[in-house]
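The structure appears below as structure tokens.
Bear in mind these aren't lab numbers, they're just calculated from the coordinates by the rules spelled out. Keep in mind it's a predicted model, so treat the numbers as computed, not measured. Note that each Cβ is placed from the backbone with ideal geometry, even for glycine, and that neighbours are counted across all protein chains shown.
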Amino acid sequence: MKVSGTLLLRAYLCLALVCLAVPVLSMIWLSFDANQLPSIPIRNYSLHWYEEVWQNPDIREGLINSVIVGLSVAALSVLLGLVSAYWLCRRLSARMSPLYVSIVSLPCFAPLLLAGMAMLMYFQTIQLAGNIGAIIAAHTCYCSPFALSLIRLSYERLNPELECAARNLGAGNFRTIFMIIVPQLWPALAAAAMLSFLVSWDEFVMSWFVGGFTKTLPMVLYDMIGSSYNPSVNAVGTVVTLVSGVVLFTVLVLSQRSQTAKEARE
Amino acid sequence: MHSLTPLLAVKSVSKRYESLQALSNLSLSVNAGEFVCLLGPNGSGKSTFLKILAGTEPKSAGEITYRGHVLNPNSPWQKDLVMVWQSLALFPHMNVEDNVGFGLSVRGISRKDRLDRVQQTLRKVGLAGYGARKIHELSGGEQQRVALARALVLSPTVLLLDEPFGAIDVQLRSQLQALLREIHRSEGLTILMVTHDISEALALAEKIVVLDHGKVQQTGCPNEVLHQPRTAMVADFMGQKNVFLGTIMANKGSVVTVRTAAGDFRCQAATWLDAAIEVGQQAAYVIDAAKVRTWSKGENELDATIESRCILGSLTVIRANAPGVGSIRCEVYNGDSRTALLASDDIKLAWNVSDAFVIPQPAASYAEPRPVHSATKDLIIA
């Protein structure tokens, strides 16, 4: 009975993994097919579509925009997250903090479509719509609550007397933050930065609303699929997935490492 | 060493948290070079007071002056008061050298001078050669020394210590106490130390401030606080005295009669108290545990049941229970031939009028004896 139960569980797990992985893996596989209409089995393997992608100015521009947006969003979200975490953990009373969290998390809970539309209207009134700044602002609104919750978890575990001690030894706010708090929170800060980058890297709906003619990579992909079938989509998808995978893997390793370091210390 | 103006003058400082009055109207003066212990049970506000002095906790009301200048977190004088934290608060991502040198680098001391002073201080606390160690590689006692060194390296005028020896074993603790005494003597430091450990306060302090519920109960030298308590709380908290609550029934020719739940007892008025003794007033009747005799006649007598016996060196500490007044502590020399009689469970206690005294109380100031666990209390005195 026991054995068959375990077997069943394993089979279920394998099935789930296959279902999750097959679409992505087949996209990666097909991106190496030289044919105009990819088909299995692949007859001619080539990097033709990658070359195509590299030479396509639209895709290149989308890639550059996505990287700029991602990095900016990561930096801004971490900064906002750190400041908010400080307020939540050290300044706000226990009664106020749930209210604060609810307010800053609102952009995450609103349906993306509506959030995107609302932001477009708002950005138009402040004349920010239609450029890369608008995309960065929209993504930061969406990502910073995630960054906050990650950073807050670590901040809560930090001994408040460390900051008091630094102040008592004569350190000002700046020094206390960068010499005492940040060095201890860096795994959380790095994880928050990468998570924000990932979310921004994949985000399409809000970018589409507020970006105007500034296109990020997912928007370029959408255009490519929309007009006619273009096999270089597979290559672009592979690149996007690869970047996401590497970032995600780094986040996992980082959090693992900070956990073991903490345990070793205790 | 004692000048006319105190080094540190605290005038009616209060601290209020949302629903808690942590300190109310605390006043205190500390002279240069003094070793002051703030003693009190948990929640008496002593740590809060130290954090206010350290400049990391704002006060709600009152004034603190340092050398006649108003002290607040932004005043330049704040740098002269350096704290050792209860959790030690060593920076876990820095090694010993960087921890100790942190305050110096904040003050802009050059790297070479900094290293020199760090080495010197580490030698002073017995950690020469530990500079490159990581904090988590150190034992508890070593970490305490690092915390002490981090404060001492700044040559502060006032050293604030918040239960610095809380989490270490007794042997190591006495070593560190000796180190602290040595540093106090050699550097002429003014030390304010918070502790709930009575024996530690008695061993180290020149002046003890007993706090309870955010209020100063008594300030005085260890002998005064121990033998001449001014409030029932102090008499009870110091652990060597039995405190019965009652009402003053008579005051005739220096003998006061107090009615307690266990009967009427006679005593003398405490010479160190200036409060008037009036018939009908609430009062605490206090008798020293060492003055309670067993199985003998006396001017005051009480029948009780033995709860526990505990041998502490040359003493046997007996806890007896008498209906109405609860647990009574008495100390008997082991050499006393009567110790053998203690096998019985019933005991007759007696003491002289001249060994007991009375502390008149305003009705609300001391409701119930603090529930200190009796066994803990016995150990505190050991």
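Each label was represented as a point 7 Å from its Cα along the Cα-to-Cβ direction; for B:I311 and A:V22 these points are 8.1 nm apart. GNM on chain A, alpha-carbon springs under 10 angstrom: the most fluctuating residue among A:Y122, A:Y12, A:Y155 is A:Y12.
Backbone phi angles across the stretch A:164-180, fed through the Karplus curve with coefficients 6.51, -1.76 and 1.60 (θ = phi - 60°), yield HN-Hα couplings of 4, 4, 4, 5, 5, 7, x, 6, x, 4, 4, 5, 4, 5, 8, 9, 10 Hz in residue order; Gly and Pro are listed as x.
Provide, for q = 0.23 Å⁻¹, the log10 of I(q)/I(0) from a solvent-free Debye sum over equal Cα point scatterers in the stretch B:88-171. Debye intensities relative to I(0), on a log10 scale: -1.15.
Hey, what's the Kirkwood Rh for the protein assembly as shown if you take every pair of different alpha carbons, in angstrom? Display every interim value, and only then the final one.
Details: mean 1/r = 0.0325 Å⁻¹.
Roughly 30.8 Å, rounded to one decimal.
Residues whose amide H comes within less than 5 Å of that of B:M83, counting only those at least five positions distant or on another chain, are B:L160 (H built at 1.01 Å from N in the peptide plane). Residues B:D274, A:D33 in ascending order of nearby Cβ atoms (within 10 Å, fewest first): B:D274, A:D33.
If neighbour count is taken as other Cβ atoms inside 10 Å, put A:F197, A:F209 in order from fewest to most.
Working: A:F197 26, A:F209 23.
Fewest-to-most Cβ neighbours within 10 Å comes out as A:F209, A:F197.
For chain B, calculate the relative contact order in percent as a whole number, restricting contacts to Cα pairs under 8 Å that are 6 or more residues apart.
Values: 780 pairs, mean separation 56.7, N = 382.
Worked out over chain B, it gives 15 percent.
Taking beta carbons within 10 Å but only from partner chains, what does the mean come to for residues B:89-97? Let's see the in-between values first.
Working: counts 11, 4, 8, 9, 7, 3, 0, 0, 0.
For peptide B:89-97, the averaged partner shielding equals 5.
Once a ≥ b ≥ c are taken as the square roots of the eigenvalues of the Cα gyration tensor of the stretch A:62-213, is the result rounded (a/c under 1.5), prolate (a/b larger than b/c) or oblate (a/b not larger than b/c)? The shape class here is prolate. Against the longest principal axis of chain A, how steep is helix A:132-156, in degrees 0 to 90 to the nearest 10, with axes from Cα atoms? Tilt relative to chain A: about 50 degrees. For chain B, the convex hull spanned by the alpha carbon atoms encloses 163 Å³ per residue.
Return the subset of B:K46/B:K207; B:K51/B:K79; B:K46/B:K124; B:K59/B:K79; B:K252/B:K348 for which the Cα-Cα distance in this structure is over 21 Å, preserving the input order. The pairs that break the limit, which is 21 Å between Cα atoms, are B:K46/B:K124; B:K252/B:K348.
Using the number of other C-beta atoms within 10 angstrom as an exposure proxy, rank B:D116, B:D355, B:D236 with the fewest first. Show your work: numbers first, answer last.
On the way: B:D116 13, B:D355 18, B:D236 22.
In order of increasing Cβ crowding within 10 Å: B:D116, B:D355, B:D236.
Counting only other chain Cβ atoms within 10 Å of each residue's Cβ, the peptide A:156-163 averages 4.
Grab the eigenvalues of the alpha-carbon gyration tensor for the stretch B:8-223, scale each by 5, take roots, and send me the semi-axes largest first in whole angstrom.
Working: eigenvalues 160, 78, 51 Å².
The equivalent ellipsoid of the stretch B:8-223 has semi-axes of 28, 20, 16 Å.
Relative contact order for the stretch B:1-113: what is it in percent, counting Cα pairs under 8 Å that are at least 6 residues apart? Provide the component values of the computation, followed by the final result.
On the way: 132 pairs, mean separation 27.3, N = 113.
Reported as a whole number, the value is 24 percent.
Coupling constants for the stretch A:73-84 follow from the phi torsions by the Karplus curve (6.51 cos²θ - 1.76 cosθ + 1.60, θ = phi - 60°), and in residue order they are 4, 4, 4, 5, 5, 5, 4, 4, x, 5, 5, 5 Hz; glycine and proline get x. Inter-chain Cβ neighbour count for A:167-176, averaged per residue, equals 6 (cutoff 10 Å, partner chain atoms only).
In deg cm²/dmol, rounded to 500, what helix-only [θ] at 222 nm does chain B give when every DSSP H run of at least 4 residues adds -39500 (n - 2.57) and the total is split over its residues? Walk me through the intermediate numbers first.
On the way: 9 runs with 92 residues, N = 382.
About -7000 deg cm²/dmol.
Any idea how far the Cα center of the stretch B:201-268 sits from the one of the stretch B:138-164, in Å? Each part's Cα centre sits 34 Å from the other's.
Taking 7 Å steps out from each Cα toward its Cβ at A:L112 and B:A128 produces label points 6.6 nm apart. Restricting the calculation to Cα atoms, every distinct pair contributes to the Kirkwood radius of the stretch A:30-93, found to be 15.5 Å. Under 5 Å from the amide H of B:N321 lie the amide H atoms of B:T305, B:I306, B:E307, B:I328, each residue being 5 or more positions distant or on a separate chain, with H modelled from the backbone and absent for Pro and chain starts. Kirkwood radius for the stretch B:212-301, taken over all pairs of different Cα atoms as the inverse mean of 1/r, rounds to 14.0 Å. Note that the stretch B:347-361 has calculated 3J(HN,Hα) couplings of 9, 10, 9, 8, 7, 7, 4, 6, 8, 10, 8, 10, 10, x, 10 Hz, one per residue in order, obtained from phi through the Karplus relation 6.51 cos²θ - 1.76 cosθ + 1.60 (θ = phi - 60°); glycine and proline are x.
Averaging the sequence gap over all C-alpha pairs within less than 8 Å and six or more residues apart, then dividing by the number of residues, gives chain A a relative contact order of 30 percent.
What does the highest-first list of B:16-24, A:66-74 look like by mean Cβ count within 10 Å?
Details: B:16-24: 14.6, A:66-74: 21.8.
Ranked from most to least packed, the peptides come out as A:66-74, B:16-24.
Please identify every one of the trypsin sites (Lys or Arg not before Pro) in the stretch A:138-174 that sits in a loop by DSSP and has no more than 14 other beta carbons within 10 Å of its own beta carbon. Each step should come with its number before you reach the end.
Working: sites: A:R152, A:R157, A:R167; in loops: A:R157.
The qualifying sites are A:R157.
Scanning residues 5 or more positions from B:Q217 or on other chains, those with amide H under 5 Å from its amide H are B:V210, B:L211, B:D212, with H placed 1.01 Å from N in the peptide plane. Label-to-label distance for A:L252 and A:N131 is 4.0 nm, based on points extended 7 Å past Cα in the beta-carbon direction. Rounded if a/c is under 1.5, else prolate if a/b beats b/c, else oblate: with a ≥ b ≥ c from the C-alpha gyration tensor eigenvalues square-rooted, which is chain A? It is oblate, given that a/c is not under 1.5 and a/b is not larger than b/c.
DSSP loop (so not H, G, I, E, B), at most 10 other Cβ within 10 Å: list which trypsin sites (Lys or Arg not before Pro) in the stretch A:21-97 pass both filters.
Working: sites: A:R43, A:R60, A:R90, A:R91, A:R95; in loops: A:R43, A:R95.
Passing both the DSSP loop test and the Cβ count: A:R43, A:R95.
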